[in-house]
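The structure under discussion appears below in the form of structure tokens.
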Amino acid sequence: MKFTLNWLKEHLETNATLEEISYKLTMLGLEVEGIENPAQMYKDYIIGEIRSANKHPDADKLQLLSVFDGEKEHQVVCGAPNARAGLKGVFGREGVYVPGGDFKLKKGKIRGVESCGMMMSERELCISDEHDGIIEFSSDNEFAIVGNNPVKALGLDDAVIEIAITPNRGDCCGVRYIARDLASAGLGTLKPLKTISYDGTGFQSPIKTALNLKDDNSTHSKLLIGAYIKDVANKQSPEWLQKRLKAIGLRPISALVDITNYFTFDLCRPLHTYDADKIQGNILQIRMASENESFTGVADDKDYTLSQDTLVVADNNQALAIAGVMGGKDSGINEQTKNVFLEVAVFNPVTVALAGRKYNIQSDSRFRFERGIDEQASLEYAKHAVQMILNICGGEASALEIATSQSTYDETFKVPPMAFNPKKVKSLTSINIALKEQKIYLERVGCIVDDSQDIWQVIRPSWRYDIYTQACLVEEILRLHGYDKVEILELPKNDYLPKQVTTSEQERRFRLTRSLASHGLQEAVTFSFLSEKEAKLFGGNNPNLILSNPISEDLKVMRPTLIPNLVSALSRNLAKGLNGGALFEVGPQFQGVKPEDQPVVVGGVRAGVSLNRSWNHTGRQADVFDVKADVYKALESINAPVANLQTITETPTYYHPTRSGALVLGRNTLAYFGELHPAVLKDMGFKGRMVAFEIFLDKIPVAKNKGTSKPYLDIPQLQSLKRDFAFVVDKNIQAEKLLRAVKGADKKLITDVTLFDIYEGTGLEDNQKSLGLTISIQPLSKTLTNEEIENISQKVIAQAEKTCNAFLRV
């Protein structure tokens, strides 16, 4: 909600400064989001006078101006058609910033002639879109003094304040009600509305008003006021009104439209004017729309097909407006309008909100009606609106036509009292506020208070729909008393030592994600759903996981695994020119509708360059061993028993059948890793190779807590020794199986076994391969003799033969 300081002071008698008003608004709960001070934007500009205007020697449409800035004259090349000697306008000297063009003025040559400065148009100063000519001050503008700052002459010396409107304070969508709130807080006095001569009487209107709503729809509207004003002149609005609307970002259109916009922001009272000559018949009524009734909006020129649950304002033949949302084009006013019919109505907030959402129409009128307006003041505001039309557009007004849902106007808007126990202030806020002060605060808000009994009877003001319980009244008392007066108390400290607030599962997840991040992967967050096609590619075939109301057709199935969305994300990044990338995500995957069918999994993908080329190596692409290393590093970070893991080749079908594996511990599969199947990647539109991994957190055993002390560090005193072996095994034997067998030959002395060579070819049969191993032997208490070393070697050979049917390669 925007308004200017001077606009506010038309309703509020106060000497408070802009800073004091801003602070008080925030303390009242109307947070100030920004203050625009045009004087700051235009502080470097001055008013200049054109002393002479001569034809440019080398351009027909340019002139050479001599501009006087109060001290000296400047030569300016200008193409504005209205530039002439004697004109006073806004002059920007060299070095001044031009907001409309986002540049700074500098001396330059235009068609061979030097130009020093610029005479400005409204668009160049971001005042409006007008750029057909330069700004021209009228001769009677008392502030248009050469050499002075132009802000006052432009009428832009008024600060614009913007506040945030919470859903419960719809009344503050009007400047008068903001002023009322400040007055209730003691920052000035609310001024009465101006005295007017129009009292609601006049000639008999040829158009009547009516509420034609059946019993089940009677709550949609309870008031329709109309006034017929003849012989109006729908001319341009007066300058004060145009400036006020421009200041808050509205474009002046015509006097009648500007008046209704002004009332919307000034009094939070949406109005609508119809061209009376376009109303068919002699009645303006509120009714429900007919099924498939057509309607064309005046603001967007869009055709709408209405349903029978839509409330409309209509004449005898057609809908003229969607009630509280938007007026219609067929009855809209224009420059030729001579007779106008003013509509002032009250609509149910829910009815307006539903219609606005249904037809996707946003309007200032809807914004206010759906939050609640001051319904009781409708009659008074209708009179003021008629008076403003008469003052600006002339004409003659009829007597007001009033249709209400109850027998009388007062009965229609009667507010019932509510019980209030003043002790609630202490019990809800722990603050002692005297009863006399409580009553004063409530009366300042606008409440009528009967404190003759212990339990008070309070009638809320007609503009405050958010006050409906005792807690609401307590809030109003505290708001005016001052939130800054609430005593600051420390919470009781039962223990000065901080306690761990994260669970062991959260700690494990944190260590795991930090490990993957340190390994070069970037964490991603993707949707928990994907397309039906991708779900089937990755094993998702459960019909219970199809969404009944998806946000799009491509996101209609809960993901069976994290991999496809990560593949899509990485594909998009690589398509933008990256030569490689690695992503991981921690989140649930869905195999069913039960909680146990939705385990938390860590998924990751790599593609493209894994190691950039350098002077000492050629670089390489990401492969299965990269993701295997990722998995092992992640498992080690959470103290998983990686030494006991076995690798098997049984993996899901979306992995490559011979370039993937699974890490198992007993009967539990802890992780999958490997290259993704080329056919799956092709169906997803990815060309190339991509590797992936999945870690199943719920399958990983939690490491036993052995206390906080670190294990004893046993540093060997003797030098280790290494021995190489080349074993011939069957091609189907996994290298890991042989490594485990060899390491188990002597668990005390053999500390490490690594694979350094794999050979197939000459000297071996077709079904054989040679595996080269390096064995590290660490003596414990003495240096080993050759005989002892030979015994260990024989144990290794025997264990290899027993477990893998291996023999030494000769």
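The values are calculated or read from the model by the stated rules, or taken from the named source; none is laboratory data. Worth saying up front: this structure is predicted, and the values here are computed from it rather than measured. So basically every Cβ, Gly included, is an ideal-geometry build from the backbone, and we count neighbours across all protein chains shown. Accessible surface is based on the protein model in full, side chains and every heavy atom, while ligands, DNA and RNA are left aside. Shrake-Rupley method; radii C 1.70, N 1.55, O 1.52, S 1.80 Å.
A compact table of results
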read-out	value
S452 part of a helix (DSSP H, G or I), over 23 Å from L223 (Cα atoms), among the hydroxyl-bearing types (S, T, Y) and open to solvent by 40 Å² or more (accessible area, probe 1.4 Å)	no
Residues of segment 16-32 satisfying the condition of being outside any helix (DSSP H, G or I), open to solvent by 20 Å² or more (accessible area, probe 1.4 Å) and touching a residue at least 40 places away in the same chain (Cβ under 8 Å)	G29, E31, V32
From A255, A276, A227, residue being surrounded by 20 or more Cβ atoms within 10 Å (Cβ to Cβ), farther than 27 Å from R176 by Cβ, in contact (Cβ under 8 Å) with a residue 40 or more places away in the chain and over 32 Å from the mean Cα position of the chain (by Cα)	A276
Residue in segment 351-364 that is closer than 26 Å to I229 by Cα, within 25 Å of the chain's Cα centre (by Cα) and open to solvent by 20 Å² or more (accessible area, probe 1.4 Å) present	yes
Contacts under 6 angstrom Cβ, first residue in segment 790-810 being surrounded by 14 or more Cβ atoms within 10 Å (Cβ to Cβ), partner assigned to a strand (DSSP E or B) and of a type in the set (F, W, Y), 6 or more apart	A800/F727; A806/F727
Answer residue from segment 764-789, given it is β-branched (V, I, T) and touching a residue at least 40 places away in the same chain (Cβ under 8 Å) and is nearest to D746 (Cα to Cα) among those	I777
Identity of the residue in segment 33-58, assigned to a strand (DSSP E or B) and among the hydrophobic types (A, V, I, L, M, F, W, C), that ends up surrounded by the fewest Cβ atoms within 10 Å (Cβ to Cβ)	I35
Condition check for G688: over 35 Å from the mean Cα position of the chain (by Cα) and under 28 Å from K536 (Cβ atoms)	yes
Answer from D132, D140 - the residue that is of a type outside the set (S, T, N, Q), open to solvent by 60 Å² or more (accessible area, probe 1.4 Å), out of contact with any strand residue (DSSP E or B) (no Cβ under 8 Å at 6 or more places or on another chain) and free of Cβ contacts under 8 Å to residues at least 12 places away in the same chain	D140
Residues of segment 533-551 classified as over 19 Å from D597 (Cβ atoms) and either open to solvent by 50 Å² or more (accessible area, probe 1.4 Å) or in a strand (DSSP E or B) (or both), total	3
Selection within segment 399-436 - surrounded by 12 or more Cβ atoms within 10 Å (Cβ to Cβ), touching a helix residue (DSSP H, G or I) at 6+ places or on another chain (Cβ under 9 Å) and part of a strand (DSSP E or B)	I402, T404, M418, F420
Subset of segment 731-755 [more than 57 Å from the chain's Cα centre (by Cα) and charged (D, E, K, R)]	K731, K743, D746, K747, K748
Restricting segment 165-194 to residues that are open to solvent by 40 Å² or more (accessible area, probe 1.4 Å) and not in a loop (DSSP other than H, G, I, E, B), the residue that is nearest to L30 (Cα to Cα)	R180
Residue match in segment 378-389 (condition: part of a strand (DSSP E or B) and touching a strand residue (DSSP E or B) at 6+ places or on another chain (Cβ under 7 Å))	no
Residues of segment 582-633 that turn out to be open to solvent by 30 Å² or more (accessible area, probe 1.4 Å), assigned to a strand (DSSP E or B) and of a type in the set (G, A, S), as a count	2
Within segment 305-318, tally of residues that are open to solvent by 20 Å² or more (accessible area, probe 1.4 Å) and part of a strand (DSSP E or B)	1
Matching residues in segment 97-121 - criterion: being over 18 Å from K61 (Cβ atoms) and crowded, with 19+ Cβ neighbours inside 10 Å	L105, G117, M120
